[in-house]
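Coordinate-derived values only; no laboratory data. Not measured: the values here are computed from a predicted model. In this analysis, Cβ positions are derived from the backbone assuming ideal geometry, glycine residues included, and neighbour counts consider all displayed protein chains.
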């Protein structure tokens, strides 16, 4: 049987750094069962027998936050063999508060005073020998960052575990409190299996801890008996039980600190100086804006997008130039060739349509690759001659001639399949199903990596707490945290890293709320679709794109206000009593490790769902019943596909939204693979007429077009983002709640857009309008109703 | 009755007790705001809320609505 050692300590005490230093790469990272709290365990370097479990950072063992409950349950139910209590040496007072509680759970404890290098630099002195004597457990000075004292602390913990004799806490409470404990023990704890837990339970029962009352299965009679003891003690000391206990703990710590710590004269620390600037009344907001702009610019606008484009269009596309050498030249050449080719093609089209050659200037169509918008440009005969000469004298540029060309995975796999003469169904499955699905998973990883370097940096240097401090006032009104700002900002680029960025929010409720609402903000992939709707249905109106963003913000605010009053998010909001940790420079290793862990967990946890759903959509798109039986279809036969049948079967759902035809339904479904696919699918479906935009314009009115836009912007995001939601929620119930809510909300907004929109676009007032208005009333009720779960 | 909400930036105050009950009260006390502790009000967030205070040698941010639960000693 091996030894299990738990690491416990406050947030920001350097516990993670210690954990990484102790376990190296031998780590398992996951979640505690069914909750959004991260779980980590690893083997101690070189000793397979020793497992180290990293408990969440906590300030106390109270029953109120998820992290505390998870840690508590682990210590009480799983009984690790020893606990290493990590303490931030620069803040002994508050850190020892947790120590006094950990001492009571009846497990051998050793205390590691971390950040000793900083303590020494500040000129403070901690008498660890004396401290050890006073609290009755071994105390070791360490510096996790500088690798000092690490083997010492683990050896002491192993010794303590082998000895298996938990130290009795030296701290005694006030006489009448101890008296009450004795009563409680006698009353209901004398026969519990593990007598080391007696003191812990009696203190918790004294604090009226409901979770412990429940766990011990105490009868109402016993509880009321204990209540009498508590009340008489409370009367005697003129305070409530919880205050007595916490107050006494801190008083006790005060006496220890007085004996063991010598502080140097207090001056402004460098952290204080930094803070003076960063959260200065006038400078805070501009600096905040600058930091956010930097994060966004690098992880979304530039590096992150380059990385994602490389992964999506290069590795999982046609291919890419090694080190991007030659890409720019190739692009220029390809563009020039295409620009000439299009004029030549345009000339041919003119000849075909008119039967004669143009005698002067002629118009030719130019199609936008992303939005499929067709515009017309004019060329003269001279232009044509020049273009023709260019096309004839030059060959279409081959990327391989411009640098070291690395073909994309689909190209390589495609060639391989072709050379093996694999049948087209199998090759379709592999190429369009599996490879595309894997691409959808891996394509986002580079951007997640880039973003998480930033988040890890902001978190470990201490600025993230200031983000919450600065933005709290705005976001808490919507049931969100100040830290929700970052997921939403990143969400404008890509919802996946946005959802994953919610990991930095401490409160479980705020985190779930953020996960549920982040993808309402239009991400980059939705932009081509927005442009298509604007161009095809609204004649290129400039208000459509901004309205998509307003709609997203509106959806977040309304959802936040409505949801926080529902049973799902019932109860008092998590208290925003937050430590603002001292600023410090993070280590590169820790930042990179955090980045890697989060990126990898996305691949592992989200990968399966993304892959499977991509394959399902591929299958339903490319197979169907035709006149000659069930077979594989060509791309433009989508109207015969299984997907089209599904679209036809479910189109009625969208009749109240004005787009109850299978084309729109199918496009919405393929949008789940990736939102930009909506454009492609509509392009294929409406291509028969030769004028995609014209056909779309005919299929949608202004009201139904906007409803279609609104629905697709707000409904369930793409599979990759759904995978991220699943990963972060870590609970099937919450995953489906989130997806269900998003789709339901999108449907209601679509309904309102169509039914009420009709009135304003001259389609008149109908029965449907009443439903639209009713839906508005329900939303308003949801926003303004009384919060019956809120205490006073 | 003066509460932490009423304290001004730059002031040092002493706590009489923490009122109320439940999670928020416990959290406030867990973070070290208990009877007789001294609190220094450092600054107010740029948007007017929350408040940053120094207590037991570290920085803590508290919303004004929660700060109301912290009752201060008079005349000190």
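Once both labels are positioned 7 Å from their Cα atoms along Cα-to-Cβ, the gap between residue A:550 and residue A:566 label points is 2.6 nm.
Think of it as helices only: each DSSP H run of n ≥ 4 in chain A is worth -39500 (n - 2.57), and spread over all residues that comes to -17500 deg cm²/dmol at 222 nm.
The modelled label-to-label distance between residue A:338 and residue A:155, using points 7 Å beyond Cα along the C-beta direction, is 6.7 nm. Take the Cα of residue A:404, step 7 Å along the line toward its Cβ, and report every residue of the stretch A:297-326 whose backbone nitrogen sits under 13 Å from that point. Flagged as within label range: A:320-326. Considering the zone a paramagnetic label at residue A:191 would reach in this model (a point 7 Å from Cα along the Cα-to-Cβ line), which residues of the stretch A:207-223 have amide N under 20 Å from it? Under cut-off, by backbone N: A:213-223. With a Förster radius of 35 Å applied to the C-beta separation of residue A:223 and residue A:778, the computed FRET efficiency comes to 0.25.
Let me know the Kirkwood hydrodynamic radius for the protein assembly as shown, please, with Cα pairs as the basis and the value in Å to one decimal. Computed over the protein assembly as shown, the radius equals 30.8 Å.
Here the stretch A:75-97 is scanned for amide nitrogen atoms under 16 Å from the site 7 Å beyond the Cα of residue A:148 along Cα-to-Cβ, giving A:87-91. For the stretch A:543-618 versus the stretch A:405-481, the inter-centroid distance based on Cα atoms is 14 Å.
Rounded, prolate or oblate: which one fits the stretch A:1-265, using the alpha carbon gyration tensor with axes a ≥ b ≥ c (rounded when a/c is under 1.5, else prolate when a/b beats b/c, else oblate)? It comes out oblate by the Cα gyration axes.
Could you give the distance between the Cα centres of the stretch A:740-792 and the stretch A:146-207, to the whole Å? That distance is 57 Å.
Compared with the dominant principal axis of the Cα atoms in chain A, helix A:445-461 is inclined by about 30°. Counting only alpha carbon atoms, the long axis of helix A:588-622 and the longest principal axis of chain A meet at about 40°. Placing R0 at 51 angstrom, the Cβ-Cβ distance between residue A:370 and residue A:211 gives a FRET efficiency of 0.40 after rounding to 0.05.
Subtracting the Cα-Cα distance of residue A:349 and residue A:117 from 0.36 nm times their residue separation leaves 75.8 nm of extension gain.
Report summary: the helix-based calculation at 222 nm, which adds -39500 (n - 2.57) for every DSSP H run with n ≥ 4 and divides by the residues of chain B, gives -4000 deg cm²/dmol.
Quick one: A:189, A:131, A:290, fewest Cβ neighbours within 10 Å first, how do they rank? Please list the in-between numbers first.
Working: A:189 18, A:131 21, A:290 11.
Going from least to most buried by this count: A:290, A:189, A:131.
Looking at the square roots a ≥ b ≥ c of the eigenvalues of the Cα gyration tensor of the stretch A:230-277, which shape do they give, rounded for a/c under 1.5, prolate if a/b is larger than b/c, or oblate? The shape class here is oblate. Just check chain B against the gyration tensor rule for me: Cα atoms, a ≥ b ≥ c as the square roots of the eigenvalues, rounded for a/c under 1.5, and otherwise prolate or oblate depending on whether a/b exceeds b/c. Rounded. For the stretch B:4-72, the relative contact order is 39 percent, taking Cα pairs closer than 8 Å that sit 6 or more residues apart in sequence and dividing their mean separation by the residue count.
Potential lengthening of the chain between residue A:236 and residue A:133 amounts to 33.9 nm, from the contour at 0.36 nm per residue minus the alpha-carbon distance.
Spacing of the modelled spin labels on residue A:655 and residue A:736, each 7 Å from Cα toward Cβ, amounts to 2.7 nm.
Taking the DSSP beta bridges with both ends in the protein assembly as shown, the antiparallel portion is around 70 percent. Angle between the Cα long axis of helix A:463-475 and the longest principal axis of chain A, 0 to 90 degrees, nearest 10? Once rounded, one gets 70 degrees.
Each Cα pair under 8 Å and six or more residues apart adds its separation to the average, and for chain A the resulting relative contact order is 10 percent. When B:73, B:25 are arranged by Cβ crowding within 10 Å, least crowded first, meaning fewest neighbours, the order is B:73, B:25. Stretching the chain fully between residue A:542 and residue A:434 yields a gain of 35.0 nm (0.36 nm per residue, less the alpha carbon separation).
Mean sequence separation of contacting Cα pairs (under 8 Å, at least six apart), scaled by the length of the stretch A:617-682, corresponds to a relative contact order of 22 percent. Among A:718, A:260, sorting on how many other beta-carbon atoms sit within 10 Å of each Cβ, with the fewest leading, yields A:260, A:718. With R₀ fixed at 35 Å, the C-beta to C-beta distance from residue A:25 to residue A:162 puts the FRET efficiency at about 0.85.
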